[in-house]
Amino acid sequence: MIPIGDDNSDRKLFPFVNLILIAINIIVFIVYQKLGADINFTFSYATVPAEIMSGHDIVTNPTFVPDPLTGKPVEMPGLGITPIPVYLTIITSMFMHGGIAHLGGNMLYLLVFGDNLEDRMGHLRYLLFYILCGIIATLAHVGSDYFFGQNHLIPSLGASGAISGVMGGYLLLFPSRDVRVLVFVFIARLPAFIVLGLWIAFQIANGTGYLGGEEASGIAYAAHIGGFIAGLLLVKRFLKPEPEKIW
């Protein structure tokens, strides 16, 4: 079930911040990550839990990890030099992706759900909300990584945490709004609470096995869940003030 659109009939603002965020993610993936081929750049600017917890850059040698499908050892590049303060990788990692499918899925969700929040918040508030949800999501991943005792040197990247915050906020503000979803070859209309409710249920179900764990792409379910909860809790604080009524 893939969301492909929603009801925007009441939207008043052109969502240029949302479109700029999408453009930045695409440009970073194409120009800087070289369509995912530049692993050294990706690993240098991704969030590494051990670096965040220590506050220091960590450089490692290449390692071999088992392929999840074949079980054969695959060489993973070591962590390179991070030319910025390591805490800033919490921001840079939000604009990088592990592959075209990762990028495409994230940008589709952001395109469908982000414009409605920008309309209700205004441009600057929406940008701040997006970044804050992304930061909280990444910290949720770092915290769960240590809580569950996983490999602290696995980089984490992607806009998923910030976009999860957008979806959490959308669910709270527009629970009954119609969302068009692609189900196999059919297009159906479902209320947002079903579409997003199923999405977060999937994250939690997977998180029971992978929460804080390692993935080859560096994506963690803890970030998705943390971002979603952050969006639910923060969205109303970022709404535009209601105009005062004149009696």
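The values are calculated or read from the model by the stated rules, or taken from the named source; none is laboratory data. Just so we're clear, the structure is a prediction, and the values are computed from it rather than from any experiment. Cβ sites come from the backbone with ideal geometry, for glycine too, and all protein chains shown count toward neighbours.
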Can you tell me which of (1) in contact (Cβ under 8 Å) with a residue 12 or more places away in the chain; (2) out of contact with any helix residue (DSSP H, G or I) (no Cβ under 8 Å at 6 or more places or on another chain); (3) of a type outside the set (S, T, N, Q) is the one M107 doesn't meet? (2)
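Scan segment 28-46 and tell me whether some residue there is within 30 Å of F174 (Cβ to Cβ) and not β-branched (V, I, T). Working first, answer last.
Step one: filter segment 28-46 for residues within 30 Å of F174 (Cβ to Cβ), giving 28-29.
So of that shortlist, the ones also not β-branched (V, I, T) come out as 29.
For segment 28-46, residues within 30 Å of F174 (Cβ to Cβ) and not β-branched (V, I, T): present.
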Of S164, S160, S176, S144, which residue is under 12 Å from the mean Cα position of the chain (by Cα), of a type in the set (S, T, N, Q) and more than 22 Å from F14 (Cα to Cα)? S160
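Only one residue in G168, G149, G161 is within 12 Å of G226 (Cβ to Cβ), among the small types (G, A, S) and out of contact with any Ser or Thr (no Cβ under 9 Å at 6 or more places or on another chain). Which one?
Details: G149 fails: within 12 Å of G226 (Cβ to Cβ); G161 fails: out of contact with any Ser or Thr (no Cβ under 9 Å at 6 or more places or on another chain).
When all the criteria are applied, what remains is G168.
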Residue pairs qualifying under the 6 Å Cβ cut-off, at least six apart or on distinct chains, with the first in segment 17-38 being exposed (fewer than 13 other Cβ atoms within 10 Å of the Cβ) and the second being modelled with pLDDT of 95 or more and part of a loop (DSSP other than H, G, I, E, B), are none
Could you say which residue among I91, I84 is free of Cβ contacts under 8 Å to residues at least 60 places away in the same chain and part of a helix (DSSP H, G or I)? I91
Please list, ordered by first then second residue, the pairs with beta carbon atoms under 7 Å, 6 or more apart or interchain, first in segment 166-194 and part of a loop (DSSP other than H, G, I, E, B), second among the aromatic types (F, W, Y). P175/F193; S176/F193
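Considering every residue within segment 115-123, establish whether at least one is within 29 Å of V179 (Cβ to Cβ) and among the hydrophobic types (A, V, I, L, M, F, W, C).
yes
Does I84 count as within 21 Å of the chain's Cα centre (by Cα) and of a type outside the set (S, T, Y)? If you could, list the steps in order and put the result at the bottom.
On the way: within 21 Å of the chain's Cα centre (by Cα): no; of a type outside the set (S, T, Y): yes.
No.
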Can you pull out every residue in segment 32-56 that is among the hydroxyl-bearing types (S, T, Y), in contact with a helix residue (DSSP H, G or I) (Cβ under 7 Å, 6 or more places away or on another chain) and over 20 Å from G104 (Cβ atoms)? Y45, T47
Might you check whether a residue that is touching a residue at least 24 places away in the same chain (Cβ under 8 Å), closer than 22 Å to V179 by Cβ and of a type in the set (A, V, I, L, M) occurs anywhere in segment 151-160? yes
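Which residue, of L108, L69, is surrounded by fewer than 17 Cβ atoms within 10 Å (Cβ to Cβ) and either hydroxyl-bearing (S, T, Y) or assigned to a helix (DSSP H, G or I) (or both)?
Working: L69 fails: either hydroxyl-bearing (S, T, Y) or assigned to a helix (DSSP H, G or I) (or both).
Answer to the check: L108.
Here is a yes/no grid of residues against (1) modelled with pLDDT under 90; (2) surrounded by 15 or more Cβ atoms within 10 Å (Cβ to Cβ):
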site: L13; (1), (2): no, yes
site: F43; (1), (2): yes, yes
site: P49; (1), (2): no, yes
site: N61; (1), (2): yes, no
site: F64; (1), (2): yes, no
site: M76; (1), (2): yes, yes
site: T89; (1), (2): no, yes
site: M94; (1), (2): no, yes
